[in-house]
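Have a look at the structure below, then the notes.
The values are calculated or read from the model by the stated rules, or taken from the named source; none is laboratory data. Please read these numbers as outputs of a predicted model, since none were measured by experiment. All Cβ positions, even for glycine, are placed from backbone atoms using ideal geometry, and neighbour counts span all protein chains on display. Calculation scope for accessible area: heavy atoms of the full protein, side chains included, ligands and nucleic acids excluded. Shrake-Rupley method; radii C 1.70, N 1.55, O 1.52, S 1.80 Å.
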Amino acid sequence: MTTFSLSLLAALLVISVLAYLYRRNSMFVPSAVILAITAIVTLYSGESGAIVVARLIGIVIGSSVAAYFFRALLIVLLRGEAKKALQTAPLTAAFGMLVILLYSIAALFAPQIAPYGESEIVGSSYALADDKMILGGDQLGRDMFSRLIYGARNTVGLSIATTCLAFLMGTSLGLFAAIRGGWVDQLLGRMVDTVMAIPSLIFALLLLSIFGTSTLSLILVIAFIYTPLIFRLTRSVAGNIVVMDYIEAARLRGESTWYLMRKEILPNALAPLIAEFGLRFCFVFLLVAGLSFLGLGIQPPTADWGSMVRENATLISYGEYIPLIPAAAIALLTVSVNFVVDWMLYRSSGLKV
Amino acid sequence: MNDLVAIVVKRLGFGLVTLLAVSIIIFGAVELLPGDLAQAVLGQGATEETVRELRAQLGLDRSPPERYLAWLGGVFQGDFGQSLASKKDVASLIGPRFSNTLFLALYAAAIAVPLAMFLGIAAALYRNSWFDRATNVGTLTAISSPEFFVGYILILFLAIKNPWFPALSNVTPDMAFTERLNRLFLPAMTMVLVVTAHMMRMTRAAIINLLASPYIEMARLKGVPQYKVIVKHALPNAWAPIINVVALNLAYLITGVVLVEVVFVYPGIGQLLVDSVTKRDFPVVQACCLIFAATYILLNLAADVGAIVSNPRLRHRK
Amino acid sequence: MKERNESTKIRSDPKVMNNKEKQIFEEIVRDSQKHKVTRREFMQFSMAAGLTMAAGASLWTNEVAASTPKRGGTFRIGLHDGNTTDSLDPATYQSVGQIQIAHTYSAYLTEITANNKLGPDVADSWEANPTATQWIFKLNPNATFHNGNKVTAKDVVASLNYHRGEEATSAAKALLSTVTEIRADGDGTVVVDLSSGVADFPWLMTDYHLTILPAKDGGGVDWESGIGCGPYKIVNHEAGVSTELTRHDGWHREGAYFDEVRFTVINDPNARQTALMTGDVDSITSTDLKTLALLQRNPDIAIDNTPSGSAITLPMFCDQAPFDNVDVRLALKYSINRQEIIDKIMFGTGTVGNDVHVSPNMPYYAELEQRPYDPDQAKFHLKKAGMDKLSVNLSATDSVYPGAVDMCVLFSESAKASGIDINVVREPSDGYWSNVWLQKPFCFVKWGARPTPDNMLSLAYAADAAWNESHWKNPRFNELLVAARAELDEAKRSEMYHEAQMLCKDDGGTIIPAFVNFVCARRKNVMHGPSVASSWENDGARAAHRWWFA
């Protein structure tokens, strides 16, 4: 056991004991858990394990600090309702917003940020990280970092387009069915059941084999496959709302179906839809990655994170970290989006405790 | 109770119609795929002459409606036909593979459902605590990687670096139950990681959604302990959405496991389906899709029945 | 060729022997491994080769005895290309899984030996008439089917006829197009009549479709029962999952050292390699090239990196502009950086191609000067054709060869230096063979290995061939091809093929960047002879009866 691991353990122990003495439960539980994990990891794999744990702690602290300043900055910059909301926002939500902002910048300004072109061959295959390529090279010697940046554009763009399209179709059809009821509702319900009864990966496989794997058909096919899910969710939430008195009142006022959908029902059905959006958004990456596993994803040399994981996946069996880089990019975005979603859910549930 | 039976019967009827519609869609899709079985089987070695001869021998030269009706006629007599590629009986081809798939799905569900419920309830109970955040980050990270990659990582740590579990799940029919559980541990864990996040988050959301209700407020004001509020008061009303998401994920465990099968070399139905699509082996594709569709319909029905049984208000609504 | 099978080379003292002697030695060692040579004979040979008694004796113990095949064990193979739709019907053979299993449970008239020569299998010997229009095969009298029946001429006739005739739907139909009649002459002789002379006919009998199966009474062959006449008999076969076989004790040849053989289909490259590392299988038929270097570090695993005759081709339609100009074709041939492709796409596991579809391990291979990557030369030819810029489309798909599109992208990058703009078109993998190949003027193709130049060149380069993928019609080449096909004089034949290959290189319409290696891996306790066949993965798909456990 080295001095480094010992001092790490000692520091954690001191924090735990202090938290316990001052009855700070929110501090004591995590620090005690981390202490236990560190002890196990250090015993099992020595100093390298301790360094990993220390880095992880550093990352968590670093991102908390970044999130704190980002929130403070937003509070200064914003006015009115948004400012008030942000003042009560948890750090996790601020962190999520920060990451989403950074990803959006990367996606929008990819050609300006990336040091090399998307498919430009810079060095040898799997070149190690150096000054030229900060994350090393991929299987053809293209710059991993540049491809990650371009990947943000392609992956996130595709995912947003697909999810938005699916939600647009799903919610409008769902709301329409809920308001109209009767045979329209029945017909749409049956159609949706039929589509959902076909496993999504297989259906995507069939449709993409028929329509080809251009980006447009990829977006349309996945959106088509996800629409029924959104429809069902919207329909079930809206079903509980349409029977409310205020909807009846609006109907008696002679409001149009469009108005009812948009102004009366949608705002009240938003919470579960947002929660669903957060997960669905990420499932698109995975479906695309799964399709590329079967040979039908985004076309190379276009960079997308799912395919980047796929292309290098076999390296993981030898303990190489390369496939973890794009996987981490996906994970970070998934977690961030859902942090923000959690916050919105929490606000819309009306809970104050 | 009679109401319930009526609902079930009606839904089963709709289910049959859905199956028919699915079979038409699948037939149409396979028809629209470029190329046909004759070309796929012969590959680069295909000449016009041999392709024509093979088509004639397999009956592929008949018109599509004719072939569909012939197939449908067979199905009504309980005959799903023969695989065009291997000339084997479809039922005997699918039977053992489907039971393998079902076994793996149940194995994964037996771990994933209780785990997700427990985590979801605990996360709702200690919402916004360290535990809640850590659980969320953990489960979300698990679903951020494509499932084949999750499988690779599990293999690396639990089969290569520490040889605790076998990396291949090539089961045989005469394998003992415990041996089977051991062989299937890694694929089952992969699937657990894939489905837990969705179920756990929905459970958590369903419960938190109810916590602002007046009756929960009431219970809390009475001084009922926090965990009792959730388990006794919130959970019973959250069952409907939870059962729904569990059913959806069970369906996924059965129908969405192609990649896990490939990674762990498990002889399930997914691989058969993908191979048959590639070879345009219509009877097999059709039979597999119908089994999946039927599974989905039945699970959905079970979820709705479960929701109705768990909620007296729904039972007497109409 | 040179780096092949480093691990299995004879490690005798190089100071003692010159090349010629070494060759003799390898031959002797090989024979002794097959129990053809006793220790006594071995010693005599060694002395004759100029070795001292002691050196010979130590060589016997070290090299031969240690690698003398032992019987026993279950050989478990992980297959990389098997589908649940695979059938045992030889007319439909296409996947690597089918081919491997076919060579294990069944047998062929002839075989390609571990040294890439032609050897006997069910046929003991064969001879042709002087014009090579009639071939007579004498069958091995000991050959039996797994049900105990003798393999007779009637079975062989039925097995070959299964692939020809009006109603045949076999992919091997084109191969037997010159056959006019196949008949039995008694129980042990088969006579084949051809419409024109084919000197390579016995080589064609090694084609993987042409398994010898029991004849059915009403005509045709019985492939449904899974009965063959190969070294192992099928105990349990589940298509696309696994196949278990056990030794056929009445097999007509030497070898078949393993008691049992078990094939497991493992399509995922990662799963395959993991299974090999954890010892769940003893050998795999294809490794992931990206991680090859990492796999090589594993001390328990040996890699068989075997150059093969399987080529990547980029055919250009020679009757369509701009490819109808030979200088344009040459400019493109000079613009491709073959070594970079081998390094980056194949991770070093390929042999540089020279635009001739005859690989170094095929008979009659002519050593022509290698065409370099030379943008200046390319520009020169382009200018000669009256152009300073050229823009062409190149179609490819990854299902033909993993990395096909990347390879075309690399070609496109390297061709920029000579002012050629290649636009890579990624085609859908479904229906590539029917919609792109032979339809688009410039596309990516991968060919399986064919045993002889005649076989390959008649199939895809003869003017009237259905698969003349480059529409190349050179009169002199076609003259040579026909003449060489019927020529039984080796020296004359060799000369003709030399000229034909030069024509392919300098006038032909096909760019051949590389020949693909078979990269297989096995655990170190699996042994094989000093060389492995290059016709298919795992020693020409015959590992099951040629290899053994140490």
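Which shape class, rounded, prolate or oblate, goes with the stretch A:197-353 when its Cα gyration tensor gives a ≥ b ≥ c as root eigenvalues, a/c under 1.5 marks rounded, and past that a/b bigger than b/c marks prolate? It comes out oblate by the Cα gyration axes.
Counting only aspartates and glutamates at least 8 places from C:LYS379 when in the same chain, those with an alpha carbon closer than 16 Å to its own are C:ASP327, C:ASP388, C:GLU413, C:ASP421.
Placing +1 on the Cβ of every Lys and Arg and -1 on the Cβ of every Asp and Glu, with no other charges, gives the protein assembly as shown a dipole of roughly 5520 debye about its Cα centre.
Would you tally the net charge around A:LEU345, using a Cβ to Cβ cut-off of less than 12 Å, leaving A:LEU345 out, and scoring K and R as +1, D and E as -1? The partial results should precede the final answer.
Details: positive: A:ARG347, B:ARG127, B:ARG201, B:ARG204; negative: A:GLU276, A:ASP342.
Neighbourhood net charge equals +2.
Counting only alpha carbon atoms, the long axis of helix C:96-105 and the longest principal axis of chain C meet at about 30°. Using the Karplus relation 6.51 cos²θ - 1.76 cosθ + 1.60 with θ = phi - 60°, the per-residue 3J(HN,Hα) values for the stretch A:47-60 come to 5, 4, x, 4, 5, 4, 4, 4, 5, 4, 4, x, 4, 4 Hz, with x marking Gly and Pro. Residue-wise HN-Hα couplings along the stretch A:144-151, as the Karplus relation 6.51 cos²θ - 1.76 cosθ + 1.60 with θ = phi - 60° gives them from phi, are 4, 5, 4, 5, 4, 5, 5, x Hz; Gly and Pro carry x. For the stretch C:307-517, with all protein chains in place and a probe radius of 1.4 Å, 49% of the accessible heavy-atom surface sits on carbon or sulfur. Expressed as a whole percent, the accessible surface of the stretch B:2-76 that belongs to carbon and sulfur atoms is 65, based on a 1.4 Å probe. Once both labels are positioned 7 Å from their Cα atoms along Cα-to-Cβ, the gap between A:ALA36 and B:TRP164 label points is 1.7 nm.
Whole angstrom only: what separates the Cα centroid of the stretch A:78-149 from the Cα centroid of the stretch C:154-175? After rounding, the separation between the Cα centres reads 60 Å.
Helix C:375-384 and the longest principal axis of the Cα set of chain C meet at an angle near 60°. Averaged over the residues of peptide C:236-244, the number of Cβ atoms from other protein chains lying within 10 Å of each residue's Cβ is 4.
When the accessible areas of B alone and A alone are added and the area of the pair subtracted, with a 1.4 Å probe, the result is around 4900 Å², both sides summed. Please give the net charge around C:CYS443, taking every other residue with its beta carbon less than 12 angstrom from that of C:CYS443, where Lys and Arg add +1 and Asp and Glu add -1. Charge balance near C:CYS443 sits at +1. Here r is the Cβ-Cβ distance between A:ALA72 and A:LEU216 and R0 is 41 Å; the resulting FRET efficiency, rounded to 0.05, is 0.45.
Taking other residues whose beta carbon is less than 10 angstrom from the beta carbon of B:GLY268, and scoring Lys, Arg as +1 and Asp, Glu as -1, yields 0.
Each label was represented as a point 7 Å from its Cα along the Cα-to-Cβ direction; for B:ARG62 and A:ILE51 these points are 7.0 nm apart.
For chain B, what class follows from the C-alpha gyration tensor (a ≥ b ≥ c being the square roots of its eigenvalues): rounded when a/c is under 1.5, otherwise prolate if a/b is larger than b/c, else oblate?
Details: a/c = 2.81, a/b = 1.61, b/c = 1.75.
Note, shape of chain B comes out oblate.
Highest-first packing order for the peptide set A:56-64, B:197-205 is B:197-205, A:56-64, based on the mean count of other beta carbon atoms within 10 Å.
Of all aspartates and glutamates in the structure, the ones whose alpha carbon falls short of 12 Å from that of C:LYS233, not counting any fewer than 8 places away in one chain, are C:GLU244, C:ASP249, C:ASP259, C:GLU260. Amide H contacts of C:LYS216: C:VAL221, C:ASP222, each under 5 Å away and 5 or more positions distant or on a separate chain (H built 1.01 Å from N in the peptide plane; Pro and chain starts excluded).
Rounded to the nearest 0.05, the FRET efficiency derived from the C-beta distance between A:ILE59 and C:ASN142 at R0 = 56 Å is 0.20.
Going by the alpha-carbon gyration tensor, a ≥ b ≥ c the square roots of its eigenvalues, is the stretch A:3-87 rounded (a/c under 1.5) or, if a/c is not under 1.5, prolate (a/b greater than b/c) versus oblate? All intermediate terms of the calculation are to be shown ahead of the outcome.
Details: a/c = 3.82, a/b = 2.04, b/c = 1.87.
Cα axes put the stretch A:3-87 in the prolate bin.
Rounded to a whole number, what is D in µm²/s for the stretch C:307-517 from Stokes-Einstein with the Kirkwood radius over alpha-carbon pairs (10 °C, 1.306 mPa s)? The calculation lands on 93 µm²/s. Tell me, how many Å apart are the Cα centres for the stretch A:1-54 and for the stretch C:332-375? Between the Cα centre of the stretch A:1-54 and that of the stretch C:332-375, the gap is 59 Å. How much of the accessible area of chain A, in percent, comes from carbon and sulfur atoms when a 1.4 Å probe is used? Ligands and nucleic acids excluded, carbon and sulfur reach 70 percent.
So what is the accessible area of the protein assembly as shown per residue, in Å², with the probe set to 1.4 Å?
Per residue, the protein assembly as shown has an accessible area of 41 Å².
Can you list the trypsin sites (Lys or Arg not before Pro) in the stretch C:151-233 that are in a DSSP coil and have 16 or fewer other beta carbons within 10 angstrom? Here the trypsin sites (Lys or Arg not before Pro) that fit, given the DSSP loop and packing criteria, are C:LYS216. Each part reduced to its alpha carbon centroid, the stretch B:11-90 and the stretch C:450-525 end up 40 Å apart.
Taking all Cα pairs closer than 8 Å and separated by 6 or more residues, the relative contact order of the stretch A:3-87 comes to 23 percent.
Among the listed pairs B:LYS88/C:LYS173; C:LYS344/C:LYS505; B:LYS279/C:LYS290; B:LYS10/B:LYS279; C:LYS117/C:LYS446; C:LYS290/C:LYS389, give every one whose C-alpha distance is greater than 32 Å.
Working: B:LYS88/C:LYS173 25 Å; C:LYS344/C:LYS505 24 Å; B:LYS279/C:LYS290 29 Å; B:LYS10/B:LYS279 37 Å; C:LYS117/C:LYS446 24 Å; C:LYS290/C:LYS389 36 Å.
Cα-Cα > 32 Å for B:LYS10/B:LYS279; C:LYS290/C:LYS389; rest within.
Give the relative contact order (percent, whole number) for chain B; include only Cα pairs under 8 Å separated by 6+ residues.
Numbers: 322 pairs, mean separation 86.9, N = 318.
For chain B, the relative contact order is 27 percent.
Tell me: how much accessible area in total is hidden between C and B, 1.4 Å probe, Å², nearest 100? List each step's numbers first, then the result.
Details: alone 22990 and 17440 Å², together 37320 Å².
What C and B bury together is about 3100 Å².
Pairing chains C and A buries close to 1800 square angstrom of accessible surface in total, based on protein heavy atoms and a 1.4 angstrom probe.
Can you give the extra length, in nm with one decimal, that the chain gains between B:ALA134 and B:LEU181 once fully stretched, where that is 0.36 nm per residue apart less the Cα-Cα distance?
14.0 nm
Label sites at C:ASP249 and A:LEU13, each approximated as a point 7 angstrom past Cα along Cα to Cβ, lie 7.1 nm apart. Of the DSSP beta bridges with both residues in the protein assembly as shown, give the percent that are antiparallel, rounding to the nearest 5. So the antiparallel bridges amount to about 75 percent of the total.
Summarising the amide proton neighbourhood of C:THR313: residues at separation of 5 or more, or on other chains, whose placed amide H is nearer than 5 Å comprise C:VAL445, C:LYS446, C:TRP447.
Taking every alpha-carbon pair in chain C and binning the separations at 10 Å intervals from zero gives 3, 17, 26, 27, 19, 7, 1, 0 percent. Calculate how steeply helix C:490-507 sits against the longest principal axis of the alpha-carbon atoms of chain C, using the helix alpha-carbon long axis, and give the answer as 0 to 90 degrees to the nearest 10. Its long axis makes an angle of about 40 degrees.
Let me confirm one metric for peptide A:268-279, namely the mean number of other chain beta-carbon atoms within 10 Å of its residues' beta-carbons. Let's see the in-between values first.
Details: counts 0, 0, 0, 2, 5, 0, 0, 6, 2, 0, 2, 6.
Going residue by residue through A:268-279 and averaging, the value is 2.
In this structure, C:VAL482 and B:LYS88 have a Cβ-Cβ separation that, at R0 = 35 Å, corresponds to a calculated FRET efficiency of about 0.20.
If you count, for each residue, the other Cβ atoms within 10 Å and average over each peptide, how do A:85-95, B:219-229 line up from highest to lowest?
A:85-95, B:219-229
List the DSSP H helices in chain B whose Cα atoms stretch 30 Å or more along the helix axis and whose mean Kyte-Doolittle hydropathy is at least 0.0.
Numbers: long enough: B:2-32 (45 Å, 1.79); B:90-125 (50 Å, 1.70); B:185-210 (36 Å, 1.27); B:282-310 (41 Å, 1.78).
Those that pass (Cα extent of 30 Å or more, hydropathy at least 0.0) are B:2-32, B:90-125, B:185-210, B:282-310.
Rounded to the nearest whole Hz, the Karplus-based 3J(HN,Hα) values (6.51 cos²θ - 1.76 cosθ + 1.60, θ = phi - 60°) of the stretch C:222-235 follow the sequence 9, 9, 5, 6, x, 8, x, 10, x, x, 10, 9, 6, 9, with x at glycine and proline.
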